Amino acid sequence: MKFVEITEEQYKNFWENHPLKTFLSAPEIATLRKKSNWQVYYVGIEEKKKIIAATMLFGHKRHLGRYEFYSPRGFLIDFKNEKLLDFFVQELKQYIKKKKGYVLRIDPYLIYQQRDIDGNIVEGGEDNRDVVKHLKKIGFKPVKQEDREQVRWMFSLDLEGKSEEQILKEMKPNTRNLIRKAEKFGITVNEISYEELNRFQSIMEETGERKGFSVRKQEYFETMYELFHDKGEVKYFITELNLKKYIQKLEKEKKEKEEKINSLSDAKYNEKQKKGLQNEITAIEKRIKDSKEIIKKEGKEIITLSGSMFMLIKPEVIYLSSGNYEEYMKFNSQYLIQWELIKYGIKEGFKKHNFYGIPDNINTHPKDYGIYEFKRGFNGYVEELIGEYALPLSWHYYLFQMIHKIKNSKK
């Protein structure tokens, strides 16, 4: 075995066919890091002139002329092959030290223990606890939850070998009904162009302000578009509703219910049905009134409801970012956008629809539990990755950790 520097092209070819591949370890992501003054390196292990392991490394100057190194979702290696892993890590340590690196962070795209839809561990399922144990043995230290860069807990739905009908049938009844309602309302899911990304940004900023999280600048979404869109690997969508057509559908539905009431006799056994129909008519009238008020307020008949960003790099579709205008959340358009991308994934041969991040330890019902509940409605399973780890390479690591701890204590 031989540790070697490799070209971006060599890395990409290896990445393309590796089971641990994901968008965060794609070489295109290096462009984003370079914009934030990170240096980029590609290294691997070669055996008989064939690459058998590789990683993309980012290096960033921090304090005292020392560099933090990060392998995004790395490494691309068989983590269960301890001999191979030990050799790679040992060589990486020497390589990074020569570049004045004081730490190496990794957050492998590797499942910790297989879980079911409720987050319970699946007996006899995938289990990489031994990998974690070995990483700790060779010096890696777990990074605290609040310091992690990427999500650890996700929610996914298998698409391989399944039909649209099967997936729709296996959803929670409420989720299925909300999808059908959104379709009935006439909500449309439209992909937007580069020039329209400001519309997506506006949705994200409104959502971030409401929910109290920071939103990436539009430049990030533009760069991701430039890097991945021409290959069909990123798509941005917005959902829209034509209120004029929506009102027409409501008025037609109201008329049908009124005709139904008029067709019923005054017999006592029809009273309950008539009352139910009248309640439905009252609800429809309210929706018509609300819709007319929105048209008056907005000065237009077509309104934007929500926006979503998806990464589409096989084998998975990843639901990466999304937002909603609060006053239009009642239309539940995010259910429809998920369904449209699930159907796209089936059609295009993706193996998995990854709803991406959910709160850690969902069985404790954390603050953002509703995010998990929304995704759970589509059926699927919880995924827990092994997490992020830091490998100290010099005494500077402990000094910087101490400084960081002191700064945090003063906040």
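What follows draws every value from the coordinates through simple rules; no lab data is involved. Note that the structure is predicted; figures quoted are calculated from it, not measured. Cβ coordinates were reconstructed from backbone atoms using ideal geometry, including for glycine residues, and neighbour counts include every protein chain displayed.
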- Item | Volume per residue of the C-alpha convex hull in segment 364-406, rounded to whole Å³ | 122
- Using alpha-carbon coordinates alone, the radius of gyration and Dmax of segment 72-207 in Å work out to 21.7, 62
- Message: Calculate the FRET efficiency for Lys97 and Lys347 from the Cβ-Cβ distance with a Förster distance of 45 Å, rounded to the nearest 0.05.
- Response: 0.40
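Determine the shape class of segment 309-411: with a ≥ b ≥ c the square roots of the Cα gyration tensor eigenvalues, call it rounded for a/c under 1.5, and otherwise prolate if a/b is greater than b/c, oblate otherwise. Present the calculation step by step, with values, prior to reporting the outcome.
On the way: a/c = 2.62, a/b = 1.78, b/c = 1.47.
It comes out prolate by the Cα gyration axes.
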- Per the helix-only calculation at 222 nm, which mean residue ellipticity applies to the chain, given -39500 (n - 2.57) for every DSSP H run of n ≥ 4 and division by its residues, nearest 500 deg cm²/dmol? -13500 deg cm²/dmol
- Pick out the long, greasy-scoring helices in the chain: whole DSSP H runs spanning 20 Å or more along their own axis by Cα, mean Kyte-Doolittle at least -1.0. 82-98, 333-348, 395-409
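Per residue Cα convex hull volume for the chain, in cubic angstrom? Don't jump to the answer; show the numbers that get you there.
Values: hull volume 76.9 nm³, N = 411.
Spread over its residues, the Cα hull of the chain gives 187 Å³ apiece.
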- Given the convex hull over the Cα atoms of segment 279-341, what projected area results after averaging over all orientations, in nm²? 5.6
- Task: Give me the distance in nm between label points sitting 7 Å out from Cα along the Cα-to-Cβ direction at Leu320 and Asn174, one decimal.
- Result: 3.1
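For Val122 and Met329, FRET efficiency with R0 = 41 Å and r from the beta-carbon atoms, rounded to 0.05? Don't skip to the end; give the middle numbers.
Numbers: r = 34 Å, r/R0 = 0.82.
Once rounded, the FRET efficiency stands at 0.75.
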- Please compute P(r) over all alpha-carbon pairs of segment 1-158, binned at 5 Å starting from zero, and give each bin as a whole-number percent. 2, 8, 16, 21, 21, 16, 9, 5, 2, 0
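Normalised by the residues of segment 287-379, what does the relative contact order come to in percent, with Cα pairs under 8 Å and at least six apart?
Averaging sequence separation for qualifying contacts and normalising by length gives 22 percent for segment 287-379.
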- Query: Which far-off residues, 5 or more places away or on another chain, put their amide H under 5 Å from the one on Ile386, with H placed in the peptide plane?
  - Reply: Leu110, Tyr112
- Long-range amide H partners of Leu159, meaning residues 5 or more apart or on another chain whose placed amide H is closer than 5 Å, are Lys352, His353
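For Glu82 and Lys61 in one chain, what is 0.36 nm times their gap in residues minus the Cα-Cα distance, to one decimal in nm?
On the way: separation 21, 0.36 × 21 = 7.56 nm, distance 3.08 nm.
Extending this stretch completely gives an extra 4.5 nm.
If R₀ is 22 angstrom, what is the calculated FRET efficiency for the pair Lys12 and Glu47, using the beta carbon separation as r and rounding to 0.05? Can you show the working numbers first?
On the way: r = 20 Å, r/R0 = 0.89.
Taking R0 as 22 Å, the efficiency between Lys12 and Glu47 is 0.65.
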- What is the distance, in nm, between label points placed 7 Å from the Cα along the Cα-to-Cβ direction at Ser193 and at Leu399? 5.4
- Gain in length, Glu205 to Leu20, computed as 0.36 nm per residue apart minus the alpha-carbon separation, to one decimal in nm? 63.4 nm
- At 7 Å along the Cα-to-beta-carbon direction for both His365 and Asn279, put a label point, then send me their distance in nm to one decimal. 2.7
- Provide the convex hull volume over Cα atoms per residue for segment 1-79, in Å³. 99
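Please state, to two decimals, what the Cα-based radius of gyration of segment 179-310 comes to when divided by 2.2 N^0.38 Å (N = residues).
Against the compact-globule rule of thumb, the ratio is 1.48.
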- Task: State the Kirkwood hydrodynamic radius of segment 244-293 in Å, one decimal place, computed from all pairs of distinct Cα atoms.
- Result: 11.5
